[in-house]
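Down below is the structure, laid out as structure tokens.
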Amino acid sequence: MESVSNRVTTTLTWSNSISTSSLQIPQVFSIRCTKRLRVCCASDRTQKMTVSVTGATGFIGKRLVQRLHADKHSVRVLTRSRSKAQLIFPVKEFPGILIAEERDWKDCIQGSNAVVNLAGLPISTRWSPEVKKEIKQSRIKVTSKVVDLINGSPEGVRPTVLVSATAVGYYGSSETQVFDERSPSGNDYLAEVCREWEATALKVNKDVRLALIRIGVVLGKDGGALAKMIPLFMLFAGGPLGSGQQW
């Protein structure tokens, strides 16, 4: 992948079409095709990485750890609750994964190739003043700790990449505007959280490549926003009073 700069802000979007003639596929990648989907997978000859992950017990984090482990990378789960992480990643199913509480994060980050920072209190709850404060602080405090540990690592064992989560809430909301990565930040509560969240990550050492990923609504059949939306769909579209009726 062509490197644009040491500081990269990444957004994920779908493109209407991709021309295969414009893609450069290295030989270490294989292509598997179906009628609906083309997937490129790295072969076993690719370099294995050591990756430390915060927020690994969350909806996205769990899938990331599962994929990294399946691809034979070394994974270090940075958590505040070892017991919770051990339930989600039992040693019989995830041999070799290292689970570390905060006092051991320094040793895990040093020697990692990359750190993925996904930690933060879920926002899908009632926003009392106390909860709003915790939503912000849970993101700022963990990101600040991760950045400080990376910056304090000796050059030879310092991670070279930090992938730090943020959210599309950065842009605020509008019923008419279309936002992209060039759009300015909004002026509501979530935009404020995202600005401070990103500003904290941007304090990482200038020699560390930073990718800020502004995540939107996450859907999955066994969790994320979809799990909370399905009961409403069933209530209003297919409840006991019939399609389209409510009770």
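The values are calculated or read from the model by the stated rules, or taken from the named source; none is laboratory data. Computed from a prediction, not measured in an experiment: that's the story for all the values here. Cβ placement follows ideal geometry from the backbone for every residue including glycine, while neighbour counts extend to all protein chains displayed. To get the accessible areas, we keep the full protein, side chains included, count just its heavy atoms, and leave off ligands, DNA and RNA. Shrake-Rupley method; radii C 1.70, N 1.55, O 1.52, S 1.80 Å.
Counting only residues that are over 26 Å from Lys132 (Cβ atoms) and either open to solvent by 50 Å² or more (accessible area, probe 1.4 Å) or assigned to a helix (DSSP H, G or I) (or both), the range 182-208 holds 3 of them. For the condition out of contact with any strand residue (DSSP E or B) (no Cβ under 8 Å at 6 or more places or on another chain), crowded, with 16+ Cβ neighbours inside 10 Å, closer than 16 Å to Gly169 by Cβ and among the charged types (D, E, K, R), Lys136 qualifies.
Collect the residues in the range 103-121 that are under 22 Å from Val193 (Cβ atoms) and either touching a strand residue (DSSP E or B) at 6+ places or on another chain (Cβ under 6 Å) or without any contact (Cβ under 8 Å) to a residue 60 or more places away in the chain (or both), keeping them in residue-number order.
Across the range 103-121, the qualifying residues are Val115, Val116, Asn117, Leu118, Ala119, Leu121.
Here is a list: Ser124, Ser144. Which entry is in contact with a helix residue (DSSP H, G or I) (Cβ under 7 Å, 6 or more places away or on another chain), in a helix (DSSP H, G or I), open to solvent by 40 Å² or more (accessible area, probe 1.4 Å) and under 23 Å from Ile215 (Cα atoms)?
Ser144
Residue count for the range 98-110 satisfying the condition of being open to solvent by 40 Å² or more (accessible area, probe 1.4 Å) and not acidic (Asp, Glu): 4. Of all residues in the range 90-136, those satisfying the criterion of being more than 19 Å from Leu162 (Cβ to Cβ) and basic (Lys, Arg) are Lys92, Arg103, Arg126, Lys132, Lys133, Lys136. For Asp207, the stated conditions hold: it is more than 19 Å from Trp105 (Cα to Cα), modelled with pLDDT of 95 or more and acidic (Asp, Glu). Residues of the range 120-156 that are among the hydrophobic types (A, V, I, L, M, F, W, C) and under 17 Å from Leu190 (Cβ atoms): Leu121, Ile123, Trp127, Val131, Ile135, Ile140. The C-beta contact set for the range 144-162 (first residue farther than 22 Å from Glu196 by Cβ and free of Cβ contacts under 8 Å to residues at least 12 places away in the same chain, second residue in a loop (DSSP other than H, G, I, E, B) and among the hydroxyl-bearing types (Ser, Thr, Tyr), distance under 8 angstrom, 6+ apart or interchain) is empty.
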